[in-house]
Structure formats: structure tokens, C-alpha cells
Amino acid sequence: MALDAFSTATAGLRVTQAQIGVVSQNIANVGTAGYVRRTLSPVASGTGNASVATGTIARALDTAALKQLRSENSGAAYTGLKSSIHTQLDALYGKPGDASALDGVFNSFTLSLQTLAANPTSTAARSTVLSAANDVATQIGSAANGVQALRTGLEMQLATDTQTASGLLAQLAKLNTRIIAATADDPSRPDLEDQRDQALNSLSGLIDINAVSQSDGSVSVLTGSGVTLLDRTNAATLSFDSRGTLSANALYDADPANSGVGTIVATTPGGGKIDLIASGAIRSGSIAAAIEMRDTTLPQAQRQLDDLAAGLSRAMSDRVATGTAASESGKAGFDIDLTGLSAGNAITLTVQDASGTQRNLILMPSYQSPPAAVPASGTDDAHATVIPFTIPKPAADRDPAAIRSAISSALGAGYQISSVPGGEAGAVRILSTGGATLRAASASVTQVTSASDTKGNATQIPLFVDGKSATLYTGSFDNGSQLTGFAQRITVNPAIVGDSASLVSIVGAPTGSGDATRPQALYNALTSTQRVFSSASGIGGISAPTRSSVADFVQGVISSQGAAAAAAQDLNEGQSIALSTAQGRFASASGVNIDDEMSNLIALQQAYSANARVLTAARDMIDTLLRI
């Protein structure tokens, strides 16, 4: 009996000592990132279960809490980056109401035109108009350059994050190999599992992942969409073909040969390749946010600025042509004055078919023959049918009859094109002869013939030009879209800077240089004339173009960016709370609580003392027996 007591006490001491070691390890790692609390469960063994064995050291892991933690971590990285970029984007426009903000410089410009209209003979007022116009162009260009700088920064971040994610996958494959080789009672195994979980947590901040435990102790990693990135010890390699500094023309395309930005490719151990962006495999994490901001949000911001620059320029140089209802021989349609039509002056026809479906036809004039194809996304209506057609290039050769013939060929059967009886020479009558009904017709027609046409007999003037060789802006698609990147290129016409009298001088005006007609007309064109702005800008929705004055469009741009920044910040704050909750849940189940561990340590010390006393008593009994 004394020997049994001695054996039991000795085993108890060993178990208690091992448990004290585990508790001490837990206490020593309070606050250590990635450390999961260890437990040791003794097991009964020996004859009659009188003795105990130490068992296996395990991690107190709540797998459900860990899965939720990784999901919230991905979400927090996603919303955090979006909030940061939206905030930086909003700051590019300045604080609303400040004199140096976008709306402030635009208001100063319109005010300068009012002042000039009140005193057209003032050379100081003319200089103020030119200075204010330059401030507007500079502010738009600065904001657009800032947009592309943000896109370039995201391109660089994607390259870094992709490299980091690929390194983490390689690290996970190595850890899986070591964990598979380790036995269940190997004391290093929990540490290896901690390292693996830490790597998985880091990876979840970059990509939304799902870690699947395997029977051999390894894990496989899939994206949230189901693409396998790690199969036990075989990891995919991620690569990113960075394009460096991005411009407004550098847009994403699913075909890498046509894309102006980099894409992420996963190469499997067998050599297979998966384009993770084209396949939509990445849905959360900082990489998903960077892709969305680079390819969707920031290009839309660039489009808003391009549309604003185009609207500003065309408000000065174009005439808004609106169709007037007309009928002839039982056929209905519209009369529209297209005098001065230039390449890029889109003619929009709203058509309703027999079933009641309404859509837009956009006739896009071009100087090229044959005209280049024009994507609907580059026009005001991304859902329209675009029909390019060729017109004569020199203004003197723009025979109205030739333009009518070109429109007739472009529209084809179902429409009748003719001159307007008693109307302007350039007026066109468009009637429907088929089953379709014409609901509206409109265009923005450039009245000046070139950037040097500064003293015509109309109120329009080329105050703003395309900085690329100081050419007139018409919205042309010849040799590529003139709209794309125009925000970076818009500038005040050097010809007007050198002759400020052209701001008030109209040929044939009775008051000559003192005529207020032009500055007043320019002011009205900015503040009250309704123009069409593209659906792609997102102002007023993305399903159809929006109609507003240039002044209202400026406010719309600023309001939309401010609202987007506020919404992104609110979403990030909510996600931060969700992440904090998930962290708390995981820590309560798997983290180290110093109070609990100290209580366990005291209990184990008492058990150790009790076993020691039993061992002492057993030793005394044996000594007594030996002395008998």
C-alpha cells in the first residue's frame, strides 16, 4: 500500500509540475500576438487507475470564433482602405465654401462674368475673368491629377500586397509540412499551429479566405469564392504585373493585352494560371478594396471631372440645340438646328418602339472616313446605341445637304431626313417612317470654328481649350476620346489671354468693345442653361444621363464625393465595432486571462504541496517498515 501511495504521489507531482509549466507559459505570454492559451488534461492510467499520466498539451481554440475573426478582419481591411481613399478623394475638391475649393473658384469665375457684364469697358474686369477662369481650370486639373496619383498609389500597394500574400502562402505551406511531421504530443506543435494561425490572420487582412482543416493536421486555404490558394503543402504563387504611373487612359480590361493596369495571377504548383481579378475571386480584404477603388470609384471620379471640364468648355463655345416637334404627311419627328456641327457634337434621339421600350440613339459625327467605332460608355448615355458617321472637316465645306445625307445614311430605313422649310440652312428635319416614335432630339453644337475664332458674331467664344496643342474642345472621338483626361488638359485659350477685348467684342454689335452681351450670355450658359451630363459620372444615378446647369453639376460633384466619404467612414466605423466584438469573443475563449491563470497556479501549487505531503508520508512509512 505504501508503494502504491508513493507511485500515485510521484505521478501526481509530475502531472502537477507539467500543469504548472503550462500555466506559467500562459502567464508569460499574456499579450503575445497570436498566442492561444494552452491546456493540459491528465489521464488516468496504471493498475486500478491509481496513477495518472500527463496527457497532451493542447490549445484552447474556438474554431468558430476564429473563423468569424478572420471574416471581420477581411471586412475591416476592406472598409478601412475604402474610407481612407474616399477621405483623400474628398479632400481634393477642398472644403465646400472655401474660396480655394472647387465650388469657391467656380463661384468666383461666374461672379467675375457678372461684374464684366455690368462694366464691359473695364480692362481690370476682363483680367479678373481670365484669372478666375485660369483658377477654375487649374483646380479641376489639380483634382484630376490627385485622382490619378491615388490610382497610382493603389497600383503600387497592390504590387506590395500581392507579394506579401504570396509570401504568406509559401510560409503556410512550410508550416503545414512541419505540423504534419510533428506528433500529437510534440511540445513544438502548438507553437507551429500558433504561427500558422497568425499567418492566416495576416492573409485574411489582404484576401477573404476560408481555412479548411485536414485530417493530417494541415489546412487548405481557399478564397471566399472558392479558388484554392493552398492545398496542404502545395501553395499557389501570386504575381502582379504593375504598370507604374497611371493616367486617365489607363483603365482595367479583362484582357491583359488591352488593360492599362496590373492584374493578379495565381500560378498553381502544376503550372495552371488563374486571373483572380478577371474571375472575381477576391471579394474582401485590402486587395479587393484597392481593386475596386482603382478600377471603379476613382475612374468615376475622373469621369466626373472630365465631364465638368467638358461642360465648362462647351458652355462657352457651344449652343444647346433642342428639337422642335414637327410632322409632315402623317409622319412625326423633330426639327433641330445643326448649324456648325463638328466632330464629337453628338445628336441624341430618344426613340420609343412599338412595345413601349424607350432608348437613345446617339449620332456621333466624325471627320474620319470610315468613322471610328465609339463605345457607348464614352458618351453621355452608356446604354444608348451609338451610330458614328462622317461629315466634312473644313467649316467652309460643311454643306447642309451633305450633312443631311450623312445623317440619312447613318439612320437608314425607318427615318426621313430633309431640310426645314423656312428654317436655318443647317436645320434638319428628322421624321420617323417606321414603327418607332421619336420622343426628343437634342445636341450640343460648337459655334466657333477653331481656337482662334474669338471674334465672331455669336455670343459663344472658345475661352477654354484642350491644352494639347491648344485645340478646340468638341468631344471628338477621332484619334481616341477627347473627353478622357480632358480635366488634366483644360486650359484658358492663349488667344483670348492675349486679347482680353474678345470677351466683350462681338462683330456687328453696336457698342463695340463695350458690349455686355457676351459676358452675360456666358454667365447664363454656366448658371441657367441646362446641359446633359453623362450617366457614367454617377451624378443623379447611373441608369440615365442627368440634365443640369454647369453650376449645379459642380455642386453635384462635391456633394456626391462628400456623401461617399461620409458613408465609407460610417461603414468603416461599424465594421471596426464588428471586428472588436469578434476579437473579444475569440480572446474570451482562446486568449489568456491573467486572473484565471493565477487562480489555476495557486490551485496547482496547493495540489503540488498535497502530493508532496503524501510522498513524504509514504517515504516515512517505508522507512518505518525497513526499521522493523
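The values are calculated or read from the model by the stated rules, or taken from the named source; none is laboratory data. Predicted, not measured: the structure shown is a model, and the values here were computed from it. Reconstructed Cβ throughout: ideal geometry from the backbone, glycine too, with neighbour counts over all protein chains shown. Note: accessible area is taken over every heavy atom of the protein model, side chains too, but ligands, DNA and RNA are not part of it. Shrake-Rupley method; radii C 1.70, N 1.55, O 1.52, S 1.80 Å.
Each Lys or Arg adds one and each Asp or Glu subtracts one; over the other residues with Cβ under 9 Å from the Cβ of S505, this totals 0. For the stretch 487-493, 3J(HN,Hα) computed residue by residue from phi via the Karplus equation (6.51, -1.76, 1.60; θ = phi - 60°) reads 4, 6, 9, 4, 8, 6, 4 Hz, glycine and proline entered as x.
With a 1.4 Å probe rolled over the protein heavy atoms of all chains, the accessible area of E193, E424 falls in the order E424, E193, largest first.
Here the peptides 322-335, 304-317 are ranked by packing, the mean other Cβ count within 10 Å, and the order with the highest first is 304-317, 322-335. Taking Cα atoms, how many degrees apart are the long axis of helix 63-91 and the longest axis of the chain, rounded to 10 and kept between 0 and 90? Taking Cα atoms only, the helix is inclined about 30 degrees.
Close amide H partners of S419, meaning residues 5 or more places away or on another chain with modelled amide H under 5 Å apart, are R429. The sum of -39500 (n - 2.57) across all DSSP H runs of n ≥ 4, divided by the residue count of the chain, sets its helix-only mean residue ellipticity at 222 nm to -16000 deg cm²/dmol. For the pair S225 and T527, label points projected 7 Å from Cα toward Cβ lie 5.0 nm apart. Each 5 Å bin from 0 upward holds the following percent of the Cα-Cα pairs of the stretch 437-482: 5, 18, 24, 20, 14, 10, 6, 3, 1.
So if I take the centroid of the Cα atoms in the stretch 99-164 and the same for the stretch 549-578, what is the distance between those two points in Å? Each part's Cα centre sits 20 Å from the other's. Put a plus charge on the Cβ of each Lys and Arg, a minus charge on the Cβ of each Asp and Glu, and nothing anywhere else: the dipole of the stretch 194-270 about its Cα centre is then about 80 debye.
Phi angles across the stretch 207-217 convert, under the Karplus curve 6.51 cos²θ - 1.76 cosθ + 1.60 with θ = phi - 60°, into 3J(HN,Hα) values of 9, 5, 10, 10, 8, 10, 6, 10, 5, 8, x Hz, Gly and Pro given as x. When +1 charges are put on Lys and Arg Cβ atoms and -1 charges on Asp and Glu Cβ atoms, the dipole computed for the stretch 58-155 relative to its Cα centre reaches about 260 debye. What is the angle, in °, between the Cα long axis of helix 594-627 and the longest principal axis of the Cα atoms in the chain? Nearest 10 is fine, range 0 to 90. Value to nearest ten degrees: 20. Rg and Dmax of the stretch 325-377, based on Cα coordinates, read 14.0, 37 Å. As a calculated quantity, the FRET efficiency between L40 and A181 at R0 = 25 Å, using C-beta atoms, amounts to about 0.65.
Couplings 3J(HN,Hα) of the stretch 140-149, computed from phi: 5, x, 5, 5, 5, 5, x, 4, 5, 5 Hz, in residue order, whole Hz [Karplus 6.51 cos²θ - 1.76 cosθ + 1.60, θ = phi - 60°; x for Gly and Pro]. Think of a 1.4 Å ball rolled over the protein heavy atoms: the stretch 136-273 then has 42 Å² of accessible area per residue. Over all other residues within a Cβ to Cβ distance under 10 Å of L116, the charged ones net out to +2, with Lys and Arg as +1 and Asp and Glu as -1. Taking a Cβ cut-off of under 14 Å around L361, the surrounding Lys, Arg, Asp and Glu residues balance to a net charge of -1, with basic ones at +1 and acidic ones at -1. When the solvent-accessible area of the chain is split by element, carbon and sulfur atoms take up 53 percent of it, the probe being 1.4 Å. Taking 4 °C and 1.567 mPa s as conditions, the chain diffuses translationally at an estimated 43 µm²/s according to Stokes-Einstein applied to its Kirkwood radius (Cα pairs). Which listed residue (P365, Q447, I282) has the Cα farthest towards the positive end of the charge dipole for the chain, taking +1 on Lys and Arg C-beta and -1 on Asp and Glu C-beta about the Cα centre? Farthest towards the positive end: I282. Compute the helix-to-body angle for 400-411: its Cα long axis versus the longest principal axis of the chain, expressed 0 to 90° and rounded to tens. Tilt of helix 400-411: around 40 degrees. Of the residues R38, R489, the one with the largest accessible area comes first in the ranking R489, R38, computed with a 1.4 Å probe on protein heavy atoms. For the chain, the dipole from Cβ point charges (+1 on Lys and Arg, -1 on Asp and Glu) about the Cα centre works out to 180 debye, to the nearest 20.
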